[in-house]
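Data block below; observations after.
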Amino acid sequence: MTTHPSPAVIARYADREADLDEVTVWSVEVHLEDCAGCRAQLAGSTTDDTLAMLARVAAGLDRDIVAGPVPARRRRWSAARNRWLVWHLVPWLTMTVAVLGCAVLLQALQPGLPSLVSLLAPVAPLPGVAIAWSRRHDPAWELIAGTPAAGLAMLLRRTAAVLAVVVPALALASSRTGISLALTLLPCLAFTAATIALGALIGVRLAAVGLGVAWSLAVVVPAVVTADLPTVLLPGSSGGWALLTLVLAGFAATRADNFRRLSSHN
Amino acid sequence: MRTVSAAETVPTTYPWAVHAEGLRVRAGRHVAVDGLDLALGTGVHGLLGPNGAGKTTLIRALATVLKPAGGRLTLLGESVDGRADLRRVRRGLGYLPQQFGFYPRFTVREFVEYMAWLKEMPKAAVPGAVQRAIDRVGLAAKAGSRMKTLSGGMLRRAGIAQAIVNDPAVLLLDEPTVGLDPEQRLDFRELLRDLGVDSCVLVSTHLVEDVVAACTDVVIINEGRLVHQGTPDDLVAQGGEGDAGDSPAERGYSALLRRHRAGAPR
C-alpha cells in the first residue's frame, strides 16, 4: 500500500528552515523516488531562492561533467543480482529440479504410475520458500531481520526467485509427460500462496513443512498406493485451484503487517 | 540535496533514544534479560558483564530481532512490542551482531550497498554513504574484494561499515573489537568517539579498557539485571586494592560484580 505524504509534510520538506525529523525526511525521499505526482507537488512548493540555487548547481555540474573524466560504468546487473538472487537457495532449487527430473524419468519407465509431476507440483516450491527467509539457512538473517526492508516484500521477492526456477522446471516436466500445464502450475502457485498466508500466522518454515506433510499424507501416498490421481488433480479442477490461489494471495496481502512485526516464529 | 542523518534529531525529539522499563527478554526458554531498567541518550555507552549476563540478548532485543517477553521498550520515541510496525524505528538503527553472517560472494562495497538498500536509504544518497562508511572503517583499499577473502578483523570492520552506513540514531555493536589488532582497536575507539557525538552508541565488550578509553557511560549487567550505570570515573572509583584486575577500571568492575552477587547495596 502506498501512502502519499500530506501536502503539509511536502511543504515542510521543501522548506529548508522547517523542522522535519530525519526519519520523515527519509520516508519522503524514498516515496518521491517512485511517485511522479508528489514530485510535481514538491516542485510547486519549492521557493524561488531554491530554484535559483538548483539552477546554479545544475550549471556547475554540467560544466564539471564536460570537463571531467568519463563516468565509471554503473554495475546495475551486480546490484540487481544481489537483490534478487539468494545464493543459499541454490542447493535447494537444484535439489527441487533434480527431483522433478527423477519424476519425469520414473514416469517414462513406469507409465502405470499416477502422474508424479502432478503429485509433486504443489509441493515443489515449498523447500525454496521455506528456506528463502529462514534464520537457520540465511547467513545474514540476523542482520537483515533488523532492517526496515524485512517483511512481506522481501519474502515475495525471494519467493519470486524460487518460482523463477520452479515454474519453468514444472512447465518443462509437464510438457515431457503430457500433463495439463494449468494443472501443474496452478497447484504450485496455490501452495506457494498458502505457505505465505499460513506463514503470516505460524512462520513460513513451519507453514511449508506442515503443508508439505499434509499434502504428502492426504494425497501423494494414497495416489501411489491406489495408482489413481485424486479428484483435485483431474481435468476440471483448474478453476478451483485458480480461485484458491487468488483467495490465499488476498489473505496473505491482508496479513502483510504480520511479517514486519516482532515474532518468535521466524 | 538535504543532508541525510538519522542521528541529528536524537536529542530534540525524545528524551531517550533507548528506554527500557522492567524489560524481560527470553533467549530460547531461558529468561536472559529479567526486569531491566535502562535509559540511554546520545553518547557512547559501554555494555559490560560476565558471560551469560544477557548482553547479547539485550542488544538483539534493542535491534528489534528478538521480541520482548515483558516490560516496556521504547526506541527513538516509539514503543517496540508485538503490535508495532517497526519500519520507522528500524530506519534509525545500526546493528552489528556478535555472530556476523554475510554472503561470501559479495564484495565489501556490494555488501554495504545491499545493507543500505535494506535500510531503505534514498537511492541518491547510497553511493556517497557507502563510500563514507567504508572509508571510516579503513577498508577503502579492500572495497572491491570479496567478503570471503577478508581476514577476521577486516570482516569485523566491514560489519561496522554496514552498521553505520545509514548514520543511525541508535548504533548497537556486539563485540565489535573481536579480531581487531591493537592499532585497529585504537582507530576504532576514535571512530566510536566520533559516532557518539550525535548518536546513541551501545557497545558490548569484555574489554574494560576499551570502555574506559572510548565511552562516556558504562552500563554493567549481570543475570539480566542492571548492576551499575555511570561514567568511567565512577567505575574506577568503585574498585579497591583487594579487588581483582590489572587496572583501576577492572578492579572497579570486579568490585561491582562482587557486591551485586553478594546482594550488597551498590
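At a Cβ-Cβ separation cutoff of 4.7 angstrom, cysteine residues of chain A with no neighbouring cysteine are A:C102, A:C188. Per residue, the convex hull spanned by the Cα atoms of the range B:93-167 measures out at 78 cubic angstrom. Here the Karplus curve 6.51 cos²θ - 1.76 cosθ + 1.60, taken at θ = phi - 60°, turns the phi angles of the range B:62-78 into couplings of 5, 7, 6, 9, 10, 8, x, 8, x, x, 10, 10, 10, 10, 6, x, 10 Hz, with x standing for Gly and Pro. Helical runs (DSSP H, four residues minimum) scored at -39500 (n - 2.57) apiece and divided by the length of the protein assembly as shown put the mean residue ellipticity at 222 nm at -16000 deg cm²/dmol. Between B:Y114, B:G153, B:N166, the Cα set farthest toward the positive side of the dipole of the range B:93-167 (charges on each charged residue's Cβ, about the Cα centre) is that of B:G153.
The separation of the range A:233-253 from the range B:214-266, counted between C-alpha centres, amounts to 63 Å. Against chain B, whose longest principal axis comes from its Cα atoms, helix B:182-195 is set at around 90 degrees. Using only side-chain charges placed at the Cβ, +1 for Lys and Arg and -1 for Asp and Glu, the dipole size of the protein assembly as shown relative to its Cα centre rounds to 1760 debye.
Using a cut-off of 29 Å between Cα atoms, the listed pairs B:K55/B:K119; B:K67/B:K142; B:K55/B:K123 include B:K67/B:K142; B:K55/B:K123 as exceeding that distance. Rg ratio for the protein assembly as shown: its Cα radius of gyration over 2.2 N^0.38 Å, N being its residue count, equals 1.13. Here the scattering of the range A:7-67 is modelled by Debye summation over its C-alpha atoms, one equal scatterer each and no solvent; at q = 0.12 Å⁻¹ the log10 of I(q)/I(0) is -0.36. In the neighborhood of B:L207, defined by Cβ-to-Cβ distances under 14 Å, what is the net charge if each Lys or Arg adds +1 and each Asp or Glu adds -1? Surrounding charge for B:L207 is -3.
The charge dipole of chain A, taken about its Cα centre with unit charges on the Cβ atoms of Lys, Arg (+1), Asp and Glu (-1) only, comes to about 860 debye.
Counting Cβ atoms of other protein chains within 10 Å of each Cβ in B:105-114 and taking the mean gives 3. Taking the square roots of 5 times each eigenvalue of the Cα gyration tensor of the range A:193-241, largest first, gives ellipsoid semi-axes of 24, 15, 5 Å.
Amide H contacts for B:V218 (H built 1.01 Å from N in the peptide plane; partners 5 or more residues away or on another chain; cut-off under 5 Å): B:G46, B:G230, B:T231.
Shown here for the range B:154-251: GluC sites (Glu not before Pro) in loop regions (DSSP other than H, G, I, E, B) with at most 14 other Cβ atoms within 10 Å, namely B:E241. Only Cα sites of chain B enter the Debye sum here, all with the same form factor; the resulting log10 I(q)/I(0) across q = 0.13, 0.17 1/Å is -0.84, -1.37, listed in q order.
Mean Kyte-Doolittle of at least -0.5 and a Cα length of 27 Å or more along the axis: which whole DSSP H helices of chain A meet both?
Numbers: long enough: A:48-67 (29 Å, 0.55); A:90-109 (28 Å, 1.89); A:152-177 (35 Å, 1.38); A:181-202 (31 Å, 2.16).
Result, helices passing both filters: A:48-67, A:90-109, A:152-177, A:181-202.
Positive end of the dipole of the range A:88-260 (Cβ unit charges, origin at the Cα centre): among A:L201, A:S174, A:M95, the Cα lying farthest that way belongs to A:L201.
Where the only charges are on Cβ atoms (+1 Lys, Arg; -1 Asp, Glu), what is the dipole of the range B:83-192 about its Cα centre, to the nearest 20 debye? It would help to have the intermediate numbers written out before the result.
On the way: 18 positive and 12 negative charges, 83 e Å.
It works out to roughly 400 debye.
Pairwise inverse Cα distances across the range A:88-260, averaged and inverted, put the Kirkwood hydrodynamic radius at 16.5 Å. Counted over the protein assembly as shown, the DSSP beta bridges are approximately 55% antiparallel.
Relative contact order of chain B, taken over Cα pairs closer than 8 Å and 6 or more residues apart, is 24 percent.
Every number here is computed from the coordinates shown, using simple stated rules; none is lab data. Since the structure is predicted, the reported quantities are computational estimates derived from the model, not experimental observations. Backbone-built Cβ (ideal geometry, glycine too); neighbour counts: all protein chains shown.
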